[in-house]
Every structure is written in C-alpha cells, then in structure tokens.
Amino acid sequence: MAGVDAAVQISELSKTYRGLLPWARHEVRAVRDVSLTIPRGEIFGLLGPNGAGKTTAIKMIAGLVEPSRGRVSFPAFTRRPSIGAVLEGSRNLYWRLSAWENIRYFGEIKGVPLVQLRRQAAELMELFGIADKRDRPAQTMSRGMQQKLAVVLAFLGEPELLLLDEPTLGLDVASSQTIQRLLKRLCAERELTIIVTTHQMDVAQSLCKRVGIMREGEIAACSPVAELVEHFKRQDYILGFNRAELPRVEQHLAAEQVDYEVVDGDWLDQARLRVKLENARAVYPLMAGLESLDIELSDFRQELPTLEDIFLSITGAEGGAA
Amino acid sequence: MTRWLKIARAELVRDFTISLRYPLELLTGLFILYVLFMGLFMGAKLLAGQQALSGNLDGVVIGYTMWFFALMAMNTMSIDIENEARQGTLEQVYLNAPNYLGLLWVRAAVHLTMGAGVVVALAVLIQLTTGHWLALTWAAVPAMLLTIILTIAGLCGFGLILGGLSLTFKRIGQLSALVQFSMFFLAYAELSSIALPWRDIVAHLPLARGVDMLKSLLTPAEAYPALGTDLAWLAIDSLFYAALGSLVFYAMERVARKGGLLSHY
C-alpha cells in the first residue's frame, strides 16, 4: 500500500513524554513504533482503551506533538496537506461566538476567501442540520449541535486530511448517525482521507474501512474490518426454537457433548441457544440430531463477532471498550 | 488582501463581536480602570497636595495610560494563551493559522489598536474629571505616536516571554501578577531622580524610557535635544525585547510540542 497513493505514511513513530522539571523526570511511553500506511480516500479508525496512545498518535500526525522517534509523511501530496481536525470536540469552539462567527474566524485564519467561506458555511451548515443555528452563540447550543459545528469547522477550506478525535462522543444516536453518514459521503465525494479515533465500536464498524487497534502505545492489530471479523470468527451458532422444546434440546446437546449456553433475552415463546462447535463440519451432525428429534428451528445463523468482541479479545480490556 | 491582513480582519471582527455582545463586561472594565485612576489621583493628591500634584499630573495620566497598554500587551501575549488552552481552542488556532507566533503579533496589533480607542476615551474622561488637560501640541504628535508604538512593541516582546512560559507551564498567574505590578512601578519611575548606574539599567527595562520620553514630549516649554538619541535607544531596546520574546516563545513552543502540552491547562 505504500507509495504515492499513501495519504499518510507513518514509520516507526514513537513518543515518550518526559517530565519538564528535573525533580519530576518520570517517563511515559505513549506511542511505540507505530507504522501505518493510509491510502488516499480511506476512512481509517484508531481504536484502543484510554491511555492506549490514540490521541497522541493523531496529534503527531497533525504536527501538534513532536515525535520522539520515527516520522509522519504524506507521499500522495507534493506539500503538507491541508488538515482539518476535531481534537477537543465542542471545546474547539469560541463559545461566545455564533456558528457563523466561529466559521468566519477559523476560515479566515486558515486563508479561505470570505466569498468561498460564505458559500461553504451555508452548504455545510445545511448538510449538518445546523443552518437555523447560524446566528446563535455556541454556548447556547446543545452538545450535539456544538459537536456538529466542530465537524463543520474541520471541513472548512476543503481539507485533504481530516483528523477526528472522538467525533461522535456524547451524541445521541440520530446525531451520531448523521455525522457518520455525512463523513462517508463527503469522504467519497472529495477523495478525502479521514483518520478517526473512537471508543464506539459500532461507529468504527460502520464508518471505517480499516481499523488499527492500539494497546499500550502499540498497534496490536491493523486490518480491514471485514478481515478482522473473519479472523476472529468462531464456530458459534444461534439456534432458535419453541421454548417448550428446550429440555429436549438441552438433553440432546448434553448427550452429544456439545458446548452451549442459553442466550438471555425476552423472546416470548422462543428459546435461543448459542452453540459452540469445534468446526464448521460439526454443523451437519447437530442438524441431523435436531431433525431426528423433530425440532422446528425458527432461527439458525452463525454468530459473527462484533468489533467490540474483537477489541476486547485483543486489548484484554474489561468492562467495555472504554 | 494578503493572508496576514485577513487574519488581522478576523481578529478585529472576533474582538469587536465579543465586545458588542457583552457590553456590560466592556463597560465594567472601563469603569474599573476609571475608578482605579481616580483612586490613584486622589491618593496622590492627598500625599502631595494640590499644588505639588498639578505639575506632575501629566506624568500620572501618561504613566497610567501606558500601564494600561502594558497590561493589554501582557494579556494578549500570555494570559490569552492560558485562556485559549483552558477553553480548548489553542490547538485549533495552531492548526489553522499559518504561524502562531505571527498570529500573536497580529492579534496584539489589533487588540492594542482597539485598546487605543479605550485609552483615548479614558484619557478624555480623566481630564474632564480632574479638570487638568494634557498640554498636547500637534507638533509633538508624530514623535509621541512613534514613542508609543516602539514602547508597546517592546512590551509585547516582553509579554511573549511570559507567553512562552504560559504555553509550557500554563499556570503562571502569580508571575503575571508580579510582572504587572512591576510594570506599574516602571510606568511611574522618575528616571531623572534615579542615581547612576541604576538610571541606565531602569531605562533599558520595558516601559520606563517610553513613559519618560512621553512626559518630556508633553512639556513643550522645554527643549528636547536628546529626542533622536532616546528614540534610537527605545528602538534598540524594543527590538531586543521583541527578538528575545520571539526566541523564548519559539523555544518554549518546541518544549510544549515535545511535551504534548499545547492542549493542557
């Protein structure tokens, strides 16, 4: 993937923070030997628990933090690409200024001509559903609106690289989905490269083509989402049938020494079991056995791991993907 | 329009918008400045008596207005950085502006130009209240303006040293307060009454020579043969502080980037 199409090339990037004062010379290794290549036009997700080094990595790409070792380059561009970023979410805004005033200030210091800025602001605010908040001070907006405005600011001047640190954090489902949908659309339309960090696995799964999972400053896994799912896929199957048949099915599975568990949930008259098989071929005798018992299945499917399952198994994090 | 002029316009519009949106804050600030001056004026009158004070009133007004400029320069170059880091916009400005140090200089020019309006209004108010009018002659205006600009440039440079420290260490409120207090003394330092070699040392500190020159320029009855030399020294000092401030800021900015401190507060 390396070469001129790589929008971002990260080579052995490391960052060790050292205390500034002589009596506090403690060291924290935030990022260790991270190497990544992100092609132009890709949405790449950086996932990891708190303190994994995601934000430091993204800030090194933005040039806001100086690496201790390694380098970040942009081979697809003849000069440093124009970068848009959401790094502190709604804190990126001047709260005393309105949406338009924020757009005007950041756009002008970015060098976007005022005429272009007016057009772009109208278009982006309309897209993100904040056009009616144009003249309201940011401090009077809801958190979701502020977050959308922060994303709008990142799009000003048509950046070639977008760095988004937790862009949907704290948003309601509808707002989060709006932002995801628009990011995908704008990325496709403008051949924009996006690097996004998130704690929300569903966001990463729906938004990103590839993800890198960070653990203790290192990239523990980096693959297309579909490949990761395939790699971590287990021979787990969900069986659904009439609840009245549950004792007979359990008796059969126990006799056949098949590992299973009852799936919690309110399924009314339906029982659901998660059956863990040795391999895919073990499906045949399982089916034959159930057929011989005359069990009518209402559900039968292979259970694919979610990105959250993969994340947990890689990072070993407990209590969710936080 | 060049990029930096656009940045100046953006800063002007932002400042103006905030000032108009929160007029009470602006008016309260002006009122506090006015009350502070009147407190200073009344205190001086009590200590020195009316007769003794009338000769020095020009000095009191000039010293006070220049101290106000010094506070504005310090605020723009250091306290504003601390505030931006606290509210979370510092990194965003860093990412969007072509050069943060350049932006700070432009911001200072805009703030201080706007501040000049406040200073003029305050000076008129003070003169109306005290009944004492500065003996300003049109002939002295160009030299006064040049003196004010050079003095402020030196103050901004000095402020950048604090700004650099603020970028790295964030909480420098106590140091800022100490510097602001020191500036007050420099604004009222009577260079002629200080013995050598201290006089020369104090004259090279920010503010002192500028205020001294402005007081001399406001005394048209007396000739000012050393104006050229003083202007040259003021320019050298200001250039030195501007260069030193920029260098310290640049070095501290690197430390902040190395330590990932730009967004910390």
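The values are calculated or read from the model by the stated rules, or taken from the named source; none is laboratory data. Keep in mind that this is a model prediction, so the values were computed, not measured. No Cβ is skipped: glycine too gets one built from the backbone with ideal geometry, and neighbour counts run over all protein chains shown.
Which residue out of A:Val225, A:Val173 is touching a residue at least 40 places away in the same chain (Cβ under 8 Å), surrounded by fewer than 20 Cβ atoms within 10 Å (Cβ to Cβ), out of contact with any Phe, Trp or Tyr (no Cβ under 9 Å at 6 or more places or on another chain) and not charged (D, E, K, R)?
Criteria check complete, one pass: A:Val225.
At pLDDT 90 or above, within 16 Å of the chain's Cα centre (by Cα) and more than 14 Å from chain A (Cβ to nearest Cβ), is that true of B:Ala116?
no
Just one of the numbered conditions (1) crowded, with 20+ Cβ neighbours inside 10 Å; (2) within 14 Å of chain A (Cβ to nearest Cβ) is not true of B:Glu253; which one?
(1)
Which one is nearest to the other protein chains (Cβ to nearest Cβ), of the residues in the range B:225-239 that are surrounded by fewer than 14 Cβ atoms within 10 Å (Cβ to Cβ) and part of a helix (DSSP H, G or I)?
B:Ile236
For B:Leu145, are the conditions met, namely being more than 22 Å from B:Tyr34 (Cβ to Cβ), more than 14 Å from every other protein chain (Cβ to nearest Cβ) and surrounded by fewer than 22 Cβ atoms within 10 Å (Cβ to Cβ)?
Answer is yes for this residue.
Take residues that are closer than 22 Å to A:Lys233 by Cβ and without any contact (Cβ under 8 Å) to a residue 40 or more places away in the chain and tell me which of the strands (runs of 3 or more DSSP E) falling wholly in the range A:251-308 contain 2 or more.
Fully inside the range A:251-308 and qualifying: A:259-262, A:270-276.
Checking the condition buried (at least 21 other Cβ atoms within 10 Å of the Cβ), more than 13 Å from chain A (Cβ to nearest Cβ) and not basic (Lys, Arg), which residue from B:Ala97, B:Ala44, B:Ala70 passes?
None of the other options fit; the residue is B:Ala70.
Specify the residue that is nearest to the other protein chains (Cβ to nearest Cβ); the eligible residues are those in the range A:88-110 that are buried (at least 18 other Cβ atoms within 10 Å of the Cβ) and outside any helix (DSSP H, G or I).
Taking the candidates together, the pick is A:Glu88.
Please find, among A:Arg210, A:Arg190, A:Arg243, the residue that is more than 13 Å from the chain's Cα centre (by Cα), of a type in the set (Lys, Arg) and not assigned by TED's automatic domain parsing to the domain that holds A:Met287.
A:Arg190
Can you tell me which residues in the range B:240-265 are touching a residue at least 12 places away in the same chain (Cβ under 8 Å) and closer than 30 Å to B:Leu145 by Cα?
B:Phe240, B:Tyr241, B:Ala242, B:Ala243, B:Leu244, B:Gly245, B:Ser246, B:Val248, B:Phe249, B:Tyr250 - these are the residues of the range B:240-265 that are touching a residue at least 12 places away in the same chain (Cβ under 8 Å) and closer than 30 Å to B:Leu145 by Cα.
May I ask you to list the residues in the range A:1-21 that are surrounded by fewer than 16 Cβ atoms within 10 Å (Cβ to Cβ) and either within 14 Å of chain B (Cβ to nearest Cβ) or acidic (Asp, Glu) (or both)?
Selection gives A:Asp5, A:Glu12, A:Thr16, A:Arg18, A:Gly19, A:Leu20, A:Leu21.
What tally of residues in the range B:191-214 results from selecting those that are touching a residue at least 40 places away in the same chain (Cβ under 8 Å) and over 14 Å from the mean Cα position of the chain (by Cα)?
Residues meeting the conditions: 2.
Residue-wise test of (1) in contact with a strand residue (DSSP E or B) (Cβ under 8 Å, 6 or more places away or on another chain); (2) at pLDDT below 85; (3) exposed (fewer than 15 other Cβ atoms within 10 Å of the Cβ); (4) away from every other protein chain (no Cβ under 14 Å).
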residue: B:Ala123; (1), (2), (3), (4): no, yes, no, yes
residue: B:Leu150; (1), (2), (3), (4): no, no, no, yes
residue: B:Phe169; (1), (2), (3), (4): no, yes, no, no
residue: B:Gln174; (1), (2), (3), (4): no, yes, yes, yes
residue: B:Met183; (1), (2), (3), (4): no, no, no, yes
residue: B:Leu191; (1), (2), (3), (4): no, yes, no, yes
residue: B:Val202; (1), (2), (3), (4): no, no, no, yes
residue: B:Ala208; (1), (2), (3), (4): no, no, no, yes
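Among B:Phe181, B:Phe185, which is the only one that is under 23 Å from B:Asn83 (Cβ atoms) and free of Cβ contacts under 8 Å to residues at least 24 places away in the same chain?
Answer to the selection: B:Phe181.
From A:Pro67, A:Pro159, which residue is touching a Lys or Arg at 6+ places or on another chain (Cβ under 8 Å), assigned to a loop (DSSP other than H, G, I, E, B) and within 12 Å of chain B (Cβ to nearest Cβ)?
Going through A:Pro67, A:Pro159 in turn, the sole match is A:Pro67.
Can B:Met72 be described as under 29 Å from B:Asp212 (Cα atoms), out of contact with any Phe, Trp or Tyr (no Cβ under 8 Å at 6 or more places or on another chain), touching a residue at least 24 places away in the same chain (Cβ under 8 Å) and of a type outside the set (Phe, Trp, Tyr)?
Yes: the conditions hold for B:Met72.
Evaluate the following for A:Thr78: is it exposed (fewer than 13 other Cβ atoms within 10 Å of the Cβ), more than 28 Å from A:Leu182 (Cβ to Cβ) and at pLDDT below 95?
yes
Is it the case that some residue within the range A:111-125 is modelled with pLDDT of 90 or more, part of a strand (DSSP E or B) and facing chain B (nearest Cβ under 9 Å)?
So far as the range A:111-125 goes, no, none of its residues is modelled with pLDDT of 90 or more, part of a strand (DSSP E or B) and facing chain B (nearest Cβ under 9 Å).
Which condition number does A:Pro39 fail, the rest of (1) within 14 Å of chain B (Cβ to nearest Cβ); (2) modelled with pLDDT of 90 or more being met?
Single failed check for A:Pro39: (1).
Can you tell me which of (1) touching a residue at least 12 places away in the same chain (Cβ under 8 Å); (2) away from chain B (no Cβ under 12 Å) is the one A:Asp132 doesn't meet?
Only one criterion in (1) touching a residue at least 12 places away in the same chain (Cβ under 8 Å); (2) away from chain B (no Cβ under 12 Å) is unmet by A:Asp132, namely (1).
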